[in-house]
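Beneath this line is the structure, given in structure tokens, with notes to follow.
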Amino acid sequence: MRIAVRHGLGRFLRGRPGSGPHSAAARRKAARELREALDEAGVTFVKMGQVLSTRPELLPAEFVEELTALQDKANPVPWASVEAVLTTELGRPIEEAFAEIDPEPMAAASVAQVHQARLKDGTPVVVKVQRPGIAAIVERDLDILLRLAGTLEDRTSWGRSFGARRLALGFAEALREELDFTIERDNLQTVAAALAASPERGVRVPAPHVELSSERVLVMGRLAGKPLGAAEETLARLGEQRRDAIAANLLDSMLDQVLVYGNFHADLHPGNLLVDDDGALGMLDLGSVGRLDAGTRTSIGQLLGAVGRGDSVAASDALLQLVDRPETVDERELQRAVGVLIVRYATPGSTVGVAAVGALLRTFTSYGLGVPAPVAAVFRAFATLEGTLTLLRPGFDLLGQARAAGSRRIAEALAPERLRGTFEEELAALLPMLRGLPRRIDRIGDAVENGRLRFNVRLFADDRDRLLVTGLLHQALLTIIGATCGVMAALLLGSGNGPRISTGVALFPLLGYGLLIVAVVLVLRVLVVIFRRD
């Protein structure tokens, strides 16, 4: 709280309804204050700011831009501390597991640092080691963050509008996953299995060494190549035609991860992509991948197909399957809004990327549609991928390649052998229901014939109905009690003094004025509820 107040954020934590920063200059100032406060608060809050910088549907553009500047850098841990962690996790001296290991880290972040090493058989590997004591620091910070999110949601309208408590819980779960390296190990194996189905695309991930990995240590194969941001010479030697093929293969691989397998790299920025001399690509940092269920994958595929056809009706229908919709939504207006976005961003020659994703997410917000975290991760992944593809091949036609990939998938789905398999799967799912349908119809007919058919309607099953009736009853009771106290007060004040409690105090006036105060308070409370604006 001292950090927040010191950076000028105390005015947002008082719980009073305020106008907020409306001008661009005021938003930039508030965004800068927020970034500085999060930076000073430490690792967990820095990561929270990084997550918020990827959610343009929640924050204004000034906040997103400012929070993007947060860097997850840290001073390296001394080798003695790293060696102690490795010895504890491996259960044996380092010399028995590795032929050699470089004490100087390749990279150091706030959660872990990475060292080059070589196994006993000569295999080059990298060793990712968690910083000592970081788990306790993160748990302490998450406790603070969850309490703060609860306070903001209870006391501020903006905290309730984007679900501060739910957002913080999702972030806490994701960060705890990042601290457990066995999850990243499993992610590597899952994504590697998906990539192995199309080895001709030349996209791979490091192979984990399970026997040497644990919750705090991850040993994985060392991929050859340079980070994409520093591989311009390599790409120049490959030529434009080869670069086109590499970018198309990467896009196809991401589409397969999202639409077919449901496990995808959620942050494939240039620093997480290696380019080898032959054009092979290596994906790094799978500590937190996106996961999609079958229904969500189907809806995303329908959305991409509708956008490719320019069908705003089908696109809006698919969107409504993906998001958390309110009780009422103007679907006709939503279709028009989606149609405008398709014309603006999805026609040939238009720019597809961060601007399109931001416009789509703002459309969600304007119609009261909530974006589940996995769906937001998909939009963010493709917005990030667009910049990566541009570095791979400047001028790469993302829309055209996505349409071509979609056409290939449709053609494959309509192939005779695929149609037969799909028909058999659907028939297998329908058979149990069809087998039980005559029995159910017979039971319903028998119940109607013998007068046993009943309809069970539960009154006030919805919490909102119960709250409405409870609120009305409370107001009625307060009104009755207040009126009764007022009448009793008038009777007591008009009945003389009654018995005396002391020399200057009589019983009837004391009770009368007390009941009069109670009556005034209760009646004013009811009037405030009636006349106040929501």
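In segment 155-168, how many are of a type in the set (A, V, I, L, M, F, W, C), at pLDDT 80 or above and surrounded by fewer than 16 Cβ atoms within 10 Å (Cβ to Cβ)?
0
If I ask for residues that are surrounded by fewer than 22 Cβ atoms within 10 Å (Cβ to Cβ) and of a type in the set (Gly, Ala, Ser), which ones from segment 249-265 would you list?
Gly262
Limited to segment 98-109, what total is found for residues that are within 24 Å of Val43 (Cα to Cα) and not in a loop (DSSP other than H, G, I, E, B)?
2
When you check Leu212 against the structure, is it within 26 Å of the chain's Cα centre (by Cα) and farther than 30 Å from Ala248 by Cβ, yes or no?
no
Taking segment 60-105, which residues are under 15 Å from Lys128 (Cα atoms) and among the β-branched types (Val, Ile, Thr)?
Val77, Val82, Val85, Thr87, Thr88, Ile94, Ile101
Please find, within segment 135-154, the residue that is farthest from Ala376 (Cα to Cα) out of those that are among the small types (Gly, Ala, Ser) and surrounded by 13 or more Cβ atoms within 10 Å (Cβ to Cβ).
Taking segment 135-154 as the starting set, the residues that turn out to be among the small types (Gly, Ala, Ser) are 135-136, 149-150.
Of the ones still in play, those that are also surrounded by 13 or more Cβ atoms within 10 Å (Cβ to Cβ) are 135, 149-150.
Details: Ala135: 27, Ala149: 20, Gly150: 22 Å.
Filtering first and then ranking leaves Ala135.
Return a yes/no flag: does segment 91-103 have any residue that is of a type in the set (A, V, I, L, M), at pLDDT below 80 and closer than 30 Å to Val210 by Cα.
From segment 91-103, those of a type in the set (A, V, I, L, M) are 94, 97, 99, 101; that's our starting set.
Then drop every residue that is not at pLDDT below 80, which leaves none.
So far as segment 91-103 goes, no, none of its residues is of a type in the set (A, V, I, L, M), at pLDDT below 80 and closer than 30 Å to Val210 by Cα.
Which of the following residues is on the phi > 0 side of the Ramachandran plot and either in contact (Cβ under 8 Å) with a residue 24 or more places away in the chain or outside the structural domain of Val371 (by TED's automatic domain parsing) (or both): Gly159, Gly202, Gly170?
Details: Gly159 fails: on the phi > 0 side of the Ramachandran plot; Gly170 fails: on the phi > 0 side of the Ramachandran plot.
Gly202 is the lone residue from the list that is on the phi > 0 side of the Ramachandran plot and either in contact (Cβ under 8 Å) with a residue 24 or more places away in the chain or outside the structural domain of Val371 (by TED's automatic domain parsing) (or both).
With the requirement that a residue be within 28 Å of the chain's Cα centre (by Cα) and at pLDDT 90 or above, what does segment 220-236 give you?
Within segment 220-236, the subset within 28 Å of the chain's Cα centre (by Cα) is 220, 227-229.
The one that is within 28 Å of the chain's Cα centre (by Cα) and at pLDDT 90 or above: Met220.
Among the candidates Val219, Val260, which residue alone is among the hydrophobic types (A, V, I, L, M, F, W, C) and touching a strand residue (DSSP E or B) at 6+ places or on another chain (Cβ under 9 Å)? Can you show your working first?
On the way: Val260 fails: touching a strand residue (DSSP E or B) at 6+ places or on another chain (Cβ under 9 Å).
Result: Val219 is the single residue among Val219, Val260 that is among the hydrophobic types (A, V, I, L, M, F, W, C) and touching a strand residue (DSSP E or B) at 6+ places or on another chain (Cβ under 9 Å).
Quick check: anything in segment 214-224 touching a Lys or Arg at 6+ places or on another chain (Cβ under 6 Å) and either in the same structural domain as Lys120 (by TED's automatic domain parsing) or polar (S, T, N, Q) (or both)? Full working, then the answer.
The initial filter retains those residues of segment 214-224 that are touching a Lys or Arg at 6+ places or on another chain (Cβ under 6 Å), namely 218.
This time we only want the ones that are either in the same structural domain as Lys120 (by TED's automatic domain parsing) or polar (S, T, N, Q) (or both), so: 218.
The answer is yes, given that some residue of segment 214-224 is touching a Lys or Arg at 6+ places or on another chain (Cβ under 6 Å) and either in the same structural domain as Lys120 (by TED's automatic domain parsing) or polar (S, T, N, Q) (or both).
Are there helices (runs of 4 or more DSSP H) fully within segment 110-224 with at least 1 residues that are farther than 30 Å from Gly10 by Cα? List them.
Details: elements: 134-155, 157-161, 164-179, 181-196.
Where helices (runs of 4 or more DSSP H) fall fully within segment 110-224 and carry at least 1 residues being farther than 30 Å from Gly10 by Cα, they are 164-179, 181-196.
Being of a type outside the set (S, T, N, Q), closer than 26 Å to Val523 by Cα, free of Cβ contacts under 8 Å to residues at least 40 places away in the same chain and in the same structural domain as Ala519 (by TED's automatic domain parsing) is true for just one of Gly482, Gly486. Which residue is that?
On the way: Gly482 fails: free of Cβ contacts under 8 Å to residues at least 40 places away in the same chain.
Step by step, each of Gly482, Gly486 is checked, and only Gly486 is of a type outside the set (S, T, N, Q), closer than 26 Å to Val523 by Cα, free of Cβ contacts under 8 Å to residues at least 40 places away in the same chain and in the same structural domain as Ala519 (by TED's automatic domain parsing).
Is one or more of the residues making up segment 237-246 farther than 30 Å from Gly122 by Cα and within 31 Å of the chain's Cα centre (by Cα)?
yes
Which condition from (1) exposed (fewer than 15 other Cβ atoms within 10 Å of the Cβ); (2) within 30 Å of Leu459 (Cα to Cα); (3) not charged (D, E, K, R) is the one that Gly498 breaks?
Of (1) exposed (fewer than 15 other Cβ atoms within 10 Å of the Cβ); (2) within 30 Å of Leu459 (Cα to Cα); (3) not charged (D, E, K, R), only one is false for Gly498: (2).
Can you work out which of the residues in segment 193-232 that are surrounded by 17 or more Cβ atoms within 10 Å (Cβ to Cβ) and small (Gly, Ala, Ser) is nearest to Gly387 (Cα to Cα)?
Ala231
The values are calculated or read from the model by the stated rules, or taken from the named source; none is laboratory data. In this text the structure is predicted, and so the values were computed from the model without any measurement. Quick reminder, even Gly has a Cβ in these numbers, built from the backbone with ideal geometry, and neighbours come from all protein chains shown.
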